[in-house]
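One structure is given here, and the rest of the page talks about it.
The values are calculated or read from the model by the stated rules, or taken from the named source; none is laboratory data. Note that this is a predicted model, so its numbers are computed, not measured. Every residue, glycine among them, receives a Cβ derived from its backbone with ideal geometry; neighbour counts consider all protein chains shown. Ligands, DNA and RNA are stripped out before the accessible areas are found, and what is left, the full protein with its side chains, is counted by its heavy atoms. Shrake-Rupley method; radii C 1.70, N 1.55, O 1.52, S 1.80 Å.
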Amino acid sequence: MGTTDSSDGAPPLTLPLTRVPPSPRARGEGRGEGRREPLAVYIHWPFCRSKCPYCDFNSHVRARVDTARWRRALVADLEHEAALAPEREVVSVFFGGGTPSLMPPETAAALLERVRALWPVSPSLEVTLEANPNSAEAERFRAFAAAGVNRLSLGVQSLDPAGLRLLGRAHDRDEAVTAIARARAVFPRFSFDLIYARPGQTVALWRRELDEALSLAGEHLSLYQLTIEPGTAFARLAARGALAVPDEDEAALLYETTQERLTAAGLPAYEISNHARPGAECRHNLAYWRYEDYVGIGPGAHGRLTRAGVKHAAERYRAPEQWLKAVEETGAGVTARTALDRDTTVAEMLMMGLRLGEGIARRRLEQAAGHSLEALFGTRLDALVEGGFLEIDAERIAATAAGRQRLNAVLAALLPS
Ligand SMILES: C[S@@+](CC[C@H](N)C(=O)[O-])C[C@H]1O[C@@H](n2cnc3c(N)ncnc32)[C@H](O)[C@@H]1O
Ligand code: SF4
């Protein structure tokens, strides 16, 4: 794998395949006279029932969580960010984790009430909650809907009992199927996540699991290739040869199977790992990938906010207890706010936007760079276009399907360090 035809007889550009991990957490641009700038709000709940062996998200297991204290701190952190981002219209709120379905629904209600008091919100506000399919959590879906959540993202991970055991999940297959049915009954929009390219998974087995997933799915599915993240239990197992994941070629076949099957079912990929019926894309994640503005609340949450025409990055304490202490002592969990220079802004816009099928509006990229695409990248662009990895027209620059499959290599070719 990894080669493409070259039309002019020159040696084809070869780029290695890469596993692109789930997108990091979320970005604004002028919308014309009289319109408020859109803003997305990310709220992090860092606690889980148990730690999954593949996961390197900011997620922690605690015997007890003082939920009243956490609610006060999250509200304070939110109010602090709101003071820096006035005159916006909130288009999306995303409760991510960790496992935010473990949060009391009253906490979600209190935070949503504060969002509405602090900003005008879009009439089509999307409010997503990430949930695990454990039965105890599924019983609370109605309470979350009553709190204002209108989109559920369920971490199913596998519909195969052996797959769930391998991934060390705290739920079984029946709980997953029941939680999907309940999500469909309770929320106007829902999605679920699966992880593929698991040890021992063949194309035939994955195809069967995908077919079942499609029979249960609504209008959105997130399908991630298993990534062995440094520092996880899976990384330790893999280092001593006790975990054999599919090799590059096998993983590429599984990826291609996924694309074919989902496109045929009317849920094409709008991003490397995210599939939706057109119009059912996740508004919040689109804000990250389109490099629009967002604020991040809670431990480890990142923000990107345009102030006086310059994109600013905000970072927060990652350890839950450190973040909590900082909010209680100073009113916010922020560790750093940095004005991003031009090169960093362009690099981030590319890293995010080339994940999307729609790519990046050429005008926005050129505006951020202060140069034309040709002046910015020179002949590096030609090689990537001729190799079949990038497409460029008067409006947009986008990675092709082959380019998205090797995105790290495309970015390395565009942005030599
Ligand atoms: C914040 S996580 C989990 C949300 C929720 N706590 C859960 O586990 O269902 C979001 C998604 O990232 C995916 N994910 C996490 N770690 C991964 C990894 N190492 N490789 C592939 N996908 C991963 C999983 O599909 C997961 O549902
Ligand atoms: S995958 Fe989800 S449930 Fe598992 S540790 Fe990570 S955030 Fe928690």
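Determine whether Val156 is aliphatic (A, V, I, L, M) and either open to solvent by 60 Å² or more (accessible area, probe 1.4 Å) or touching a strand residue (DSSP E or B) at 6+ places or on another chain (Cβ under 6 Å) (or both).
It is true that Val156 is aliphatic (A, V, I, L, M) and either open to solvent by 60 Å² or more (accessible area, probe 1.4 Å) or touching a strand residue (DSSP E or B) at 6+ places or on another chain (Cβ under 6 Å) (or both).
Looking at Ala244, Ala233, Ala239, Ala287, which one is open to solvent by less than 10 Å² (accessible area, probe 1.4 Å) and more than 17 Å from Asp193 (Cβ to Cβ)?
Just a single option satisfies the conditions, and that option is Ala287.
Can you tell me how many residues in the range 378-409 are modelled with pLDDT under 90 and assigned to a helix (DSSP H, G or I)?
Summing the residues that are modelled with pLDDT under 90 and assigned to a helix (DSSP H, G or I) in the range 378-409 gives 2.
Looking at the range 54-71, I want the residues that are under 26 Å from Gly168 (Cβ atoms) and have a partner that is open to solvent by 50 Å² or more (accessible area, probe 1.4 Å) and near ligand 2 (Cβ under 8 Å from one of its atoms) with Cβ atoms under 9 Å, at least 6 apart or on another chain. Which pairs are those?
Short answer, once both residue conditions are applied: Ser59/Lys51; His60/Lys51; Val61/Arg49; Val61/Lys51.
Yes or no: Glu81 away from ligand 1 (no atom under 16 Å from the Cβ), modelled with pLDDT of 95 or more, outside any helix (DSSP H, G or I) and crowded, with 21+ Cβ neighbours inside 10 Å?
Details: away from ligand 1 (no atom under 16 Å from the Cβ): yes; modelled with pLDDT of 95 or more: yes; outside any helix (DSSP H, G or I): no; crowded, with 21+ Cβ neighbours inside 10 Å: yes.
Taking the combined requirement at face value, the residue does not satisfy it.
Look through Ala326, Ala314, Ala332 and report the one residue that is surrounded by 14 or more Cβ atoms within 10 Å (Cβ to Cβ) and assigned to a loop (DSSP other than H, G, I, E, B).
Testing whether each residue is surrounded by 14 or more Cβ atoms within 10 Å (Cβ to Cβ) and assigned to a loop (DSSP other than H, G, I, E, B) leaves just Ala332.
Just the residues that are within 16 Å of ligand 2 (Cβ to nearest atom) and modelled with pLDDT under 95, please, taken from the range 119-139.
Asn134, Ser135, Ala136, Glu137, Ala138
Look at the range 101-138 and say how many of its residues are under 22 Å from Ser158 (Cβ atoms) and not in a strand (DSSP E or B).
Total meeting the criteria: 9.
If we keep just the residues of the range 103-115 that are surrounded by fewer than 20 Cβ atoms within 10 Å (Cβ to Cβ) and more than 14 Å from Asn150 (Cα to Cα), which is nearest to ligand 1 (Cβ to nearest atom)?
Result: Pro104.
Is one or more of the residues making up the range 198-213 assigned to a helix (DSSP H, G or I), within 21 Å of Ser101 (Cβ to Cβ) and open to solvent by 10 Å² or more (accessible area, probe 1.4 Å)?
no
Let's see how each residue does on (1) among the small types (Gly, Ala, Ser); (2) at pLDDT below 95; (3) under 18 Å from the mean Cα position of the chain (by Cα):
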| site | (1), (2), (3) |
| --- | --- |
| Arg236 | no, no, no |
| Glu248 | no, yes, no |
| Thr257 | no, no, no |
| Arg261 | no, no, no |
| Arg277 | no, no, yes |
| Arg283 | no, no, yes |
| Arg290 | no, no, yes |
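Quick check: is even one residue across the range 95-102 of a type in the set (A, V, I, L, M, F, W, C), within 21 Å of the chain's Cα centre (by Cα) and within 13 Å of ligand 1 (Cβ to nearest atom)?
yes
When the range 50-67 is examined, which residues are found to be open to solvent by 60 Å² or more (accessible area, probe 1.4 Å) and near ligand 2 (Cβ under 7 Å from one of its atoms)?
Lys51, Phe57
Kindly check whether there is at least one residue in the range 159-182 that is over 28 Å from Ala251 (Cα atoms), within 11 Å of ligand 1 (Cβ to nearest atom) and either open to solvent by 10 Å² or more (accessible area, probe 1.4 Å) or modelled with pLDDT of 95 or more (or both).
yes
Among the residues of the range 84-102, count how many are more than 28 Å from Ala138 (Cβ to Cβ) and crowded, with 17+ Cβ neighbours inside 10 Å.
2
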